[in-house]
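So the structure is just underneath, and the comments pick up after that.
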Amino acid sequence: MSRVIVLWSGGKDAMQALCHARQAGHQVVALATFAPPSPRFLAHPLSQVRRQAAALGLPHLLVTIEAPFDLGYEQALAKLKEEWRLDGVVTGDIDSVAGAPNWIRERCRPLGLTVHTPLWQQPREALLADLLARGIVAHLSCVDTDVLTPEWVGRVLDQGALAELQQLASARGFDACGEQGEYHTMVTDGPGFAAPLVLGRWQVARQERLAYLLEDEG
């Protein structure tokens, strides 16, 4: 049984990768989020990510990375490998972004860490069907308004929403899984959750072409 960490954003792809890793017999020892100093994630607030980890009963590691980023990632991964006695890393990557080599695979290569990408280049329809079959509850937390209207923010990716999303993707030529940044998600329930997370009061906020879910902290 190999010891692995899952690179964790809090979205559907990371959750599906976690499920696949466990199903394949890997021992998931922690969830890791790589971030710049003083991060502020619009799509995946760290407060929510920490709640997810607690619900899953796994340690959450916030790993700070500074430039130069290739060296920063490799040093951080080397430290994680030693501290957590890792054999590998699991990611929810689905495809290359703008044709570039897979970033984590390139950073792990010199360290002798195996990179597991169970979703890699799988048919989008199959990945979205797998999401439903596993009982993963994911809300759209951020959308690119050049692709989807702000009304999509907050929607749960249930069967009806997924059918609508796939129709739009087919008609407009975008990635139905959001792999090129068309949208991001936030998971509130799924296999391994002790209890579902409940979103509090929220509103749709805007920043340039992005519309995103902003929880009311009051």
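The values are calculated or read from the model by the stated rules, or taken from the named source; none is laboratory data. What you see is a predicted model; the values in this text were computed from it and never measured. Every residue, glycine among them, receives a Cβ derived from its backbone with ideal geometry; neighbour counts consider all protein chains shown. When the accessible area is computed, the model is the full protein with side chains, heavy atoms only, and any ligands, DNA or RNA have been set aside. Shrake-Rupley method; radii C 1.70, N 1.55, O 1.52, S 1.80 Å.
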- Could you order TRP152, TRP84 so the one with the most accessible surface comes first? Probe is 1.4 Å. TRP84, TRP152
- Query: With all protein chains present and a 1.4 Å probe, how do PHE174, PHE69 order by accessible area, largest first?
  - Reply: PHE69, PHE174
- Hey, with R₀ at 41 Å, roughly what FRET efficiency would ARG22 and SER170 work out to, going by the Cβ-Cβ distance, to 0.05? 0.80
- Message: For a quick check of understanding: with a 1.4 angstrom probe and all protein chains in place, what accessible area in square angstrom does SER170 have, to the nearest ten?
- Response: 100 Å²
- Task: May I ask for the angle, rounded to the nearest 10°, between helix 12-23 and the longest principal axis of the chain, with both axes built from Cα atoms and the value confined to 0 to 90°?
- Result: 50 degrees
- By its C-alpha gyration tensor, with a ≥ b ≥ c as the square roots of the eigenvalues, how is segment 135-215 shaped: rounded for a/c under 1.5, else prolate for a/b larger than b/c, else oblate? oblate
- Protein accessible area in segment 135-215, 1.4 Å probe - carbon and sulfur %: 48 percent
- Message: For a quick check of understanding: with a 1.4 angstrom probe and all protein chains in place, what accessible area in square angstrom does HIS139 have, to the nearest ten?
- Response: 30 Å²
- Restricting to the chain, compute how many DSSP beta bridges are antiparallel as a %, nearest 5. 50 percent
- Considering only protein heavy atoms, what per residue accessible area in square angstrom results for the chain with a 1.4 angstrom probe? 49 Å²
- Sort LEU199, LEU62 by accessible area with a 1.4 Å probe, largest first. LEU62, LEU199
- Please give the helix 159-172 orientation as an angle from the longest Cα principal axis of the chain, in degrees from 0 to 90, rounded to the nearest 10. 90 degrees
